[in-house]
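These notes concern the structure reproduced below.
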Amino acid sequence: MEGRKLRGMFGSQTKPETEEGQNTMSQAGPVTETSSQAPGTVSARRAKTLEAKGVNLYYGDFHAVENVTMTIEPNKVTALIGSSGCGKTTFLRSLNRMHELTPGASVKGDIYLDGEDIYGGGVDPVAVRRLVGMVFQQPNPFPTMSIYDNVAAGLNFNAGKVSKGDKDAVVEKSLRGAHLWDEVKDRLDRPGSGLSGGQQQRLCIARATAVSPEVLLMDEPCSALDPVATLAIEDLIAELKKEYTIAIVTHNMQQAARASDNTAFFNLDESGKPGHLVEIGTTEDIFTRPKQKETEDYVSGRFG
Ligand SMILES: Nc1ncnc2c1ncn2[C@@H]1O[C@H](COP(=O)(O)OP(=O)(O)O)[C@@H](O)[C@H]1O
Ligand SMILES: [Mg+2]
């Protein structure tokens, strides 16, 4: 039955597969689930499991990520750590089929969302990107759009199906969920670009959640933020995991230790070689009793 979510339902969308279109596309989709939900309710829905099996990722001939098998558990935060260039971003982008938007990029292996292969035949990548939302390193609100329209961007895609009242409700619910409502409720018609960096990142999180994804992927979402804004996002992540499955790339060890339940450590043997998963475990185990020496060296700050 889940198959229907990824196949068919969204097959008529024919937006071009370009890097520029990615934000709109990743938010695009119908709003049936969202609009049927009362604003402000915290649903007790079960989030979904993402499983990577033997995933290899390439940029042309370059083998960037080798043979990753790991499970990203529902209602938990999984941190991806490891030194720069070891393939964290590349791997994250394969989890919602964004990797293939890079010209020449390719994927081998399987990724399952609650048992369904997101790379399976007939699966619509646009539907995958709606169910598996992404928040980027640099906050990227649509600069000329109002705060309101930024959140409603994914809903606008199917404007014909959404009433103004439903849209208002989803915008409010998403902004409340992103801990931003009180700060912006009196200026919803002002440009999103007028907000502080931390507010912009929370706006992007509101935009990502407005279309009711199952999984949220975050690629160093705090790297452009000051410590106070960073803590606000970490609080928000702790809140969001009640509803979502979350994977977050971070280069900040303290952040991984504070904000995640599980940690996956990636490494590469030398520059030019593919990155790989060294080990994954509970964050406590990875930071206090890792199985591999290289993990211990990394988390104790001996390299990276
Ligand atoms: N668009 C691209 N084209 C070619 N190589 C890329 C591209 N993006 C990243 N890479 C390479 O893939 C490897 C992994 O990069 P990345 O996933 O960005 O690592 P991380 O996020 O861990 O710093 C690096 O060697 C990087 O240079
Ligand atoms: Mg990266």
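The values are calculated or read from the model by the stated rules, or taken from the named source; none is laboratory data. A quick note: this is a predicted structure, and the numbers were derived from the prediction, not measured. A quick note on method: Cβ atoms are made from the backbone with ideal geometry, for glycine too, and the neighbour counts reach across all protein chains shown.
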> When segment 262-285 is examined, which residues are found to be touching a residue at least 40 places away in the same chain (Cβ under 8 Å), under 28 Å from P227 (Cα atoms) and over 20 Å from the mean Cα position of the chain (by Cα)?
Replying inline: N267
> Of all residues in segment 83-92, which are within 18 Å of the chain's Cα centre (by Cα) and within 21 Å of E296 (Cα to Cα)?
Replying inline: G87, K88
> Right, P125: touching a residue at least 60 places away in the same chain (Cβ under 8 Å) and not β-branched (V, I, T) or not?
Replying inline: yes
> Among the residues of segment 220-234, how many are away from ligand 2 (no atom under 16 Å from the Cβ), under 15 Å from I246 (Cβ atoms) and either among the aliphatic types (A, V, I, L, M) or in contact (Cβ under 8 Å) with a residue 40 or more places away in the chain (or both)?
Replying inline: 1
>> With the requirement that a residue be free of Cβ contacts under 8 Å to residues at least 40 places away in the same chain and farther than 16 Å from G281 by Cβ, what does segment 236-261 give you?
In response: N252, Q254, R258
> Taking E284, is it among the acidic types (D, E), assigned to a strand (DSSP E or B) and modelled with pLDDT of 95 or more?
Replying inline: no
>> Can you report the number of residues in segment 75-84 which are more than 16 Å from ligand 2 (Cβ to nearest atom) and surrounded by 18 or more Cβ atoms within 10 Å (Cβ to Cβ)?
In response: 2
> How many of the residues making up segment 255-303 are surrounded by fewer than 20 Cβ atoms within 10 Å (Cβ to Cβ), hydroxyl-bearing (S, T, Y) and within 16 Å of ligand 1 (Cβ to nearest atom)?
Replying inline: 1
> In segment 160-219, how many are within 16 Å of ligand 2 (Cβ to nearest atom) and surrounded by fewer than 24 Cβ atoms within 10 Å (Cβ to Cβ)?
Replying inline: 1
> Can you tell me which residue in segment 42-72 is nearest to ligand 2 (Cβ to nearest atom), limited to those that are more than 17 Å from G109 (Cβ to Cβ) and surrounded by fewer than 17 Cβ atoms within 10 Å (Cβ to Cβ)?
Replying inline: G60
> In the list A64, A79, which residue meets the criterion of being modelled with pLDDT of 95 or more and either within 12 Å of ligand 1 (Cβ to nearest atom) or among the polar types (S, T, N, Q) (or both)?
Replying inline: A64
> Which members of segment 94-120 meet the condition of being without any contact (Cβ under 8 Å) to a residue 60 or more places away in the chain and within 16 Å of ligand 2 (Cβ to nearest atom)?
Replying inline: S94, H99, A105
> So which helices (runs of 4 or more DSSP H) are wholly in segment 181-248 and hold at least 1 residues that are in contact with a His (Cβ under 7 Å, 6 or more places away or on another chain) and among the hydrophobic types (A, V, I, L, M, F, W, C)?
Replying inline: 227-240
>> Can you pull out every residue in segment 87-112 that is among the aliphatic types (A, V, I, L, M), in a helix (DSSP H, G or I) and near ligand 1 (Cβ under 8 Å from one of its atoms)?
In response: L92
> Is segment 165-178 home to any residue that is out of contact with any Ser or Thr (no Cβ under 7 Å at 6 or more places or on another chain), of a type outside the set (A, V, I, L, M) and not in a helix (DSSP H, G or I)?
Replying inline: no
